[in-house]
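**Q** Take a look at this one; I'll ask things after.
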């Protein structure tokens with residue numbers, strides 16, 4: 001037997017090979033080497049290439065693509081001014097719209113709009129029910145990065161939040177009269193989205209966002225006091241220069257265009273600047289100092305969206 005060759009005997013042709021249990025003779029009586037074992041390095045290299053291709057397919061399917069989504073939200077809302085023992089609690093309902101616009105490469109623009117409404121159950125100077133709404137706008141630049149079997153998309157942008165609490169004409173259980181309040185926040189959202197492929201081919205998208213308050217203003221319609229015996233009572237605008245917030249969510253996206261999941265919003269706003277004015281009751285003048293107390297807002301919600 002030659003190295004790598006098998007002979008059947010004198011005068012008989014050598015084996016041409018063994019394939020699936022069959023012996024194949026070399027009818028030309030030419031010695032043919034048996035197939036050598038496939039090098040292990042070649043096998044490993046092939047498997048690595050296959051794994052790399054599969055990972056690339058996963059990354060491609062997870063990247064943010066052009067889309068438009070619209071949906072509804074429901075949340076538990078709680079606002080608090082600890083220094084005055086004032087709270088506003090409500091069940092909110094809203095509509096939301098989200099848009100992704102791809103740019104070159106892995107870059108994209110994210111825009112979000114949300115309108116939320118609910119009746120606040122006020123507690124402080126007595127109790128009362130006060131209608132309110134707020135809307136939130138956000139525009140951000142983002143870029144997708146592939147990591148192992150998931151992708152992340154850090155982003156930064158600009159946000160605008162406006163809240164209106166329509167208290168004019170509302171009287172509390174102790175006879176105190178409410179007034180209109182409007183909160184305006186301009187902020188910088190800095191966040192990251194993470195997308196994971198699930199076994200059922202759906203996608204889990206989590207968002208972690210920090211919001212830095214650039215500018216805040218609290219409008220208080222105190223001029224309504226002029227209808228209750230006062231005069232020269234002005235509306236007040238208090239500047240809010242310090243504050244921050246968070247936004248967290250975990251959203252499941254299926255293959256039929258639906259997405260749904262919980263979210264959490266938080267705001268922590270420091271005490272505002274003070275405004276000084278002079279008001280009159282009857283024939284007596286008084287010095288008035290107005291400010292917006294430090295306050296926090298917690299909102300736990302669930303949203304359902306549909307891609308169209």
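The values are calculated or read from the model by the stated rules, or taken from the named source; none is laboratory data. The model shown is predicted, which means the values in this text are computed figures rather than measured ones. Cβ sites come from the backbone with ideal geometry, for glycine too, and all protein chains shown count toward neighbours.
**Q** Residue under question is residue 264, and the condition is that it be within 29 Å of residue 214 (Cα to Cα) and either surrounded by fewer than 15 Cβ atoms within 10 Å (Cβ to Cβ) or in contact with a strand residue (DSSP E or B) (Cβ under 8 Å, 6 or more places away or on another chain) (or both); does it hold? Talk me through it step by step, then tell me what you get.
**A** On the way: within 29 Å of residue 214 (Cα to Cα): yes; either surrounded by fewer than 15 Cβ atoms within 10 Å (Cβ to Cβ) or in contact with a strand residue (DSSP E or B) (Cβ under 8 Å, 6 or more places away or on another chain) (or both): yes.
Spelling it out, residue 264 is indeed within 29 Å of residue 214 (Cα to Cα) and either surrounded by fewer than 15 Cβ atoms within 10 Å (Cβ to Cβ) or in contact with a strand residue (DSSP E or B) (Cβ under 8 Å, 6 or more places away or on another chain) (or both).
**Q** Also, quick follow-up: Among the candidates 237, 268, which residue alone is in a strand (DSSP E or B), touching a residue at least 24 places away in the same chain (Cβ under 8 Å) and more than 22 Å from residue 73 (Cβ to Cβ)?
**A** Every option except 237 fails the conditions.
**Q** Answer yes or no: is there a residue in region 238-248 that is out of contact with any helix residue (DSSP H, G or I) (no Cβ under 6 Å at 6 or more places or on another chain), crowded, with 18+ Cβ neighbours inside 10 Å and over 30 Å from residue 288 (Cα atoms).
**A** Yes, the conditions are met somewhere in region 238-248.
**Q** Would you mind finding the one in 248, 214, 204 that is assigned to a strand (DSSP E or B) and either at pLDDT below 95 or more than 17 Å from the chain's Cα centre (by Cα) (or both)?
**A** On inspection, the qualifying residue turns out to be 214.
**Q** Another question about this same structure. Tell me, yes or no, whether region 158-172 has at least one residue that is under 17 Å from residue 292 (Cβ atoms), surrounded by fewer than 18 Cβ atoms within 10 Å (Cβ to Cβ) and over 22 Å from the mean Cα position of the chain (by Cα).
**A** Checked region 158-172: at least one residue is under 17 Å from residue 292 (Cβ atoms), surrounded by fewer than 18 Cβ atoms within 10 Å (Cβ to Cβ) and over 22 Å from the mean Cα position of the chain (by Cα).
**Q** Which of the residues that make up region 188-201 are crowded, with 17+ Cβ neighbours inside 10 Å and at pLDDT below 95?
**A** Hit for region 188-201 is 197, nothing else.
**Q** Would you check which residues across region 280-303 are in a strand (DSSP E or B), more than 22 Å from residue 239 (Cα to Cα) and over 17 Å from the mean Cα position of the chain (by Cα) and list them?
**A** If the condition is that a residue be in a strand (DSSP E or B), more than 22 Å from residue 239 (Cα to Cα) and over 17 Å from the mean Cα position of the chain (by Cα), then 280, 281, 284, 285, 286 are the ones that fit.
**Q** Does region 9-28 contain any residue that is more than 30 Å from residue 308 (Cβ to Cβ) and modelled with pLDDT of 50 or more?
**A** Scanning region 9-28 turns up no residue that is more than 30 Å from residue 308 (Cβ to Cβ) and modelled with pLDDT of 50 or more.
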